[in-house]
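Reviewing the structure listed below.
The values are calculated or read from the model by the stated rules, or taken from the named source; none is laboratory data. Only a predicted model underlies this, so the values are computations on that prediction, with no experimental measurement involved. All Cβ positions, even for glycine, are placed from backbone atoms using ideal geometry, and neighbour counts span all protein chains on display. Only protein heavy atoms, including side chains, enter the accessible area calculation; ligands, DNA and RNA are left aside. Shrake-Rupley method; radii C 1.70, N 1.55, O 1.52, S 1.80 Å.
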Amino acid sequence: MNIYTANLVEAVRRAAGNIEKPLEGFHIVVDAGNGAGGFFMGKVLEPLGAVTSGSQFLEPDGLFPNHIPNPEDKAAMRAITQAVLENKADLGIIFDTDVDRSAAVDSSGREFNRNRLIALMSAIVLEEHPGTTIVTDSVTSDGLTAFIENKLGGKHHRFKRGYKNVIDEAIRLNFVGEESHLAIETSGHGALKENHWLDDGAYLMVKVLNKLASARVSGSGCGSKVLTDMVDGLEEAEVAVELRLKIDQNHADLKGGSFRGYGEAVLKHLENRVASDSKLKKAPVNYEGVRVSGHGGWFLLRLSLHDPVLPLNIEAPSLEEAVKLGLAVSAAVKEFAALDTSALDKFVRGL
């Protein structure tokens, strides 16, 4: 750990022109959620000069008495946001249990997780490697694609769910001659080519700290506003939901077959229904499930990697449009009796 954390500290110092304490004066709080990430405060931030008062839940405790250590969990993000605002901190950093995922919060309480974290990391990486390909999982937004390609001048390669899938695809692209320096999931799993494609949440946050430190040294900005400004122009949906449609493996409609075969039949039927609806458009390039644009938004129905579940992601500029997308899916899958659509039914009925 001493060697590992010394390398993280050195990376920030190097980015700031070899200043011993490039974060001096910055107030940064850490929320480790009682997982393994508490080291980041004392072993990384404090040697760099940061004030860390208000950091919380640093001691490992497998019962996780305060909140689940998960950057996707709403209670966890509320906890780090509250810590930032109460301590008037410049930045908040939160890790998952084993520190392979992370997220951040700026001084105003604005979260950098999911699409927004990917946008921030893309902006940082594309400054260093103009035009590079950013590989993400399948549930990233259309707004993120527009941001990466139109605002940043990069290429967005939307692949499959699963951080190993995303990382392996980035490695493959480099092998066939397409430069990629970042592979990242909406879950907060992020890996960089410069860091040997390790999904290291601490290293991801070091890249953020590098930006803070180097911006102050160059005079181009100070505080987390530097980071907030980097994602300016990212279009974000007003409504974003994930609904889980479970397959009853004991239902007679499976006719003795596997849940995977049944799920694939559902997807094929949905694909055929979309083709006959002029208001919907299937994504021309897609590697997982059925992704469709329409009614100002999009949906993705895919088969879970491991479970008898079809997760449905919907994003739209309003609840009305999101419901229209939900109704399109509902109409297509209603004849599959083994599919539990209760979560979708509740959503479209506004319950």
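Might you work out the accessible area of residue 61 for me, using a 1.4 Å probe with all protein chains in place, and round it to the nearest 10 Å²?
Estimated to the nearest 10 Å², residue 61 gives 60 Å².
If you place +1 on the Cβ of every Lys and Arg, -1 on the Cβ of every Asp and Glu, and leave all else neutral, what size is the dipole of the stretch 207-338 about its Cα centre, to the nearest 20 Debye?
In total the dipole reaches around 320 debye.
With all protein chains present, how much of the accessible area of the stretch 200-283 (probe radius 1.4 Å) comes from carbon and sulfur, to the nearest whole percent?
Ligands and nucleic acids excluded, carbon and sulfur give 46 percent.
Using heavy-atom solvent-accessible surface (probe 1.4 Å) with all chains present, what is the largest-first order of 85, 301?
85, 301
Where is the GNM fluctuation largest for the chain (alpha-carbon springs, 10 angstrom cutoff): 250, 210, 87?
250
Quick check: convex hull over the Cα atoms of the chain, volume per residue in Å³, rounded to an integer?
152 Å³
Of the candidates 31, 106, 229, which one comes out as most mobile in a Gaussian network treatment of the chain with C-alpha springs shorter than 10 Å?
Among 31, 106, 229, the largest GNM mean-square fluctuation belongs to 229.
Cα to Cα, under 20 Å, and not fewer than 8 places away if on the same chain: which aspartates and glutamates meet these conditions relative to residue 255?
Result set, ordered by chain and number: 264, 307, 335, 340.
Where only protein heavy atoms count, and the probe is 1.4 Å, what is the accessible area per residue for the stretch 299-340 in Å²?
Averaged over the residues of the stretch 299-340, the accessible area is 37 Å².
Please find, in a Gaussian network model of the chain (springs between Cα atoms separated by less than 10 Å), the residue of 220, 318, 138 whose mean-square fluctuation is greatest.
220
Please identify every one of the chymotrypsin sites (Phe, Trp or Tyr not before Pro) in the stretch 248-335 that sits in a loop by DSSP and has no more than 12 other beta carbons within 10 Å of its own beta carbon.
none
Using a simple spin-label model with points 7 Å from Cα along the Cα→Cβ vector, what separation in nm is obtained for residue 78 and residue 168?
That separation, rounded to one decimal, is 3.8 nm.
Could you give me the ³J(HN,Hα) list for the stretch 299-316, computed from phi with Karplus coefficients 6.51, -1.76, 1.60 and θ = phi - 60°, whole Hz, x at Gly and Pro?
Here the 3J(HN,Hα) series is 9, 9, 10, 9, 9, 4, 5, 10, 10, x, 9, 10, x, 10, 9, 10, 10, 7 Hz.
Using Cα pairs closer than 8 Å and at least 6 residues apart in sequence, work out the relative contact order for the stretch 271-351, in percent.
18 percent.
Residue 86 accessible area, nearest 10 Å², 1.4 Å probe?
120 Å²
Rank 105, 327, 308 by how far each Cα sits towards the positive end of the charge dipole of the chain (+1 on Lys, Arg Cβ; -1 on Asp, Glu Cβ) and give me just the farthest.
Of the listed residues, the answer is 327.
Along each of its three principal axes, how wide is the spread of alpha-carbon positions in the stretch 111-261, in whole angstrom units, largest first?
Here the Cα extents, ordered largest to smallest, are 67, 38, 29 Å.
Where q = 0.23, 0.24, 0.32 Å⁻¹, what log10 of I(q)/I(0) comes from the Debye formula for the stretch 165-219, counting one point per Cα?
-0.85, -0.88, -1.19
When the Cα centres of the stretch 205-252 and the stretch 33-66 are compared, how far apart do they sit, in Å?
Taking the Cα centre of the stretch 33-66 as reference, the centre of the stretch 205-252 is 21 Å away.
Using a probe radius of 1.4 Å on heavy atoms only, what accessible surface per residue do you get for the stretch 36-85? Whole Å² is fine.
48 Å²
Set Lys and Arg Cβ to +1 and Asp and Glu Cβ to -1, take the dipole of the stretch 237-351 about its Cα centre, and tell me which of 347, 263, 275 lies farthest positive.
275
What net charge is computed for the residues neighbouring residue 60, neighbours being all others with C-beta under 15 Å from the C-beta of residue 60, Lys and Arg scored +1, Asp and Glu -1?
-4
With all protein chains present and a 1.4 Å probe, how do 114, 273 order by accessible area, largest first?
These residues rank, largest area first, as 273, 114.
For the stretch 73-199, what does the relative contact order come out to in percent, with C-alpha contacts under 8 Å and a separation of six or more?
Relative CO of the stretch 73-199 lands at 22 percent.
Using a 7 Å offset from the Cα along the Cα-to-Cβ direction at both residue 59 and residue 197, what is the distance between the two label points in nm, to one decimal?
Distance between the two pseudo-spin positions: 4.1 nm.
Once you have the Cα-Cα distance between residue 150 and residue 235, take 0.36 nm times their residue separation minus that, and quote the gain in nm to one decimal.
29.4 nm
In sequence order, what are the phi-derived ³J(HN,Hα) couplings for the stretch 194-206 according to the Karplus relation 6.51 cos²θ - 1.76 cosθ + 1.60 with θ = phi - 60°, rounded to whole Hz, with x for glycine and proline?
5, 10, 6, 6, 7, 7, 10, x, 5, 5, 4, 6, 5
Count the DSSP beta bridges whose two residues both fall in the chain, then state the antiparallel fraction as a percent rounded to the nearest 5.
Roughly 70 percent of the beta bridges in the chain run antiparallel, per DSSP.
Please compute the modelled spin-label separation between residue 318 and residue 68, points set 7 Å along Cα→Cβ, answer in nm with one decimal.
For the pair residue 68/residue 318, the computed spacing is 3.3 nm.
At R0 = 25 Å, how high is the FRET efficiency between residue 18 and residue 218 if r is their beta carbon distance? Nearest 0.05 is fine.
Computed FRET efficiency for residue 18 and residue 218: 0.95.
For the stretch 47-58, take each phi angle, set θ = phi - 60°, evaluate the Karplus expression 6.51 cos²θ - 1.76 cosθ + 1.60, and give the result in whole Hz per residue in order, putting x for glycine and proline.
Couplings: x, 8, x, 6, 7, 10, 4, x, 4, 9, 6, 8 Hz.
Among the lysines, select those whose C-alpha is under 20 Å from the C-alpha of residue 43, and discard any that sit fewer than 8 residues away in the same chain.
Partners found: 21, 207, 211.
When Rg is the radius of gyration of the Cα atoms in the stretch 10-125 and Rh is its Kirkwood radius, what does Rg/Rh come to?
0.96
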